[in-house]
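This report concerns only the one structure given below.
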Amino acid sequence: MKDPRKLTAYVYVVYMAVLLWSVMQAVARRSALKWQVSLPYPNGELQDAPSTKRIKELLTPVAISCYRVGNTTHRALGELTWVQRLACLLLEIEPRRLAAVPSG
């Protein structure tokens, strides 16, 4: 990290990650208020304001299987629990988008 350009690029990447983290939390909290739902903690208590950390904990174990048929790669999403579906609802994303192949 002696090159100032590399350091500048690193700072921008970290800034964008923090910005995305904050936007995800704001969207989740707005949706929680809108639909009057809460995410449960592992001990079963309800969380008043969902955090991005808790959503990450819920969505990290989601299983996405990749397989190839001929020249085509397919991705399949495993079955989601109701809490994982609720986390997707709070983020306002369709669960099947988790397995979508990025375009472009």
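Here are some notes:
- Among Val69, Val18, Val37, residue whose mean-square fluctuation peaks in a GNM of the chain (springs only between Cα atoms under 10 Å): Val69
- Note on Thr81 and Val11: with the Förster distance fixed at 35 Å, the Cβ-Cβ geometry gives a FRET efficiency of about 0.40.
- Selected from Gly70, Gly44, Gly78 as most flexible by GNM, with the chain as the system and alpha-carbon contacts under 10 Å: Gly70
- Of the GluC sites (Glu not before Pro) in region 28-96, the ones in a loop by DSSP (not H, G, I, E or B) with at most 14 other beta carbons within 10 Å are Glu45, Glu79, Glu92.
- In summary, no lysines lie within cross-link reach of Lys34, defined as a Cα separation below 18 angstrom excluding same-chain residues under 8 places away.
- With the convex hull drawn over the C-alpha atoms of region 1-61, the volume per residue is 96 Å³.
- Label selected from (i) 15, 55, 28, 1; (ii) 13, 33, 28, 19, 6; (iii) 14, 37, 22, 14, 9, 4, 0, the criterion being P(r) over Cα pairs in 10 Å bins from 0, in percent as computed here: (ii)
No lab work stands behind these numbers, since they all come straight from the coordinates. Note that the structure is a prediction, hence the values are computed from the model and not measured. Every residue, glycine as well, gets a Cβ built from its backbone with ideal geometry; the counts of neighbours run over all protein chains shown.
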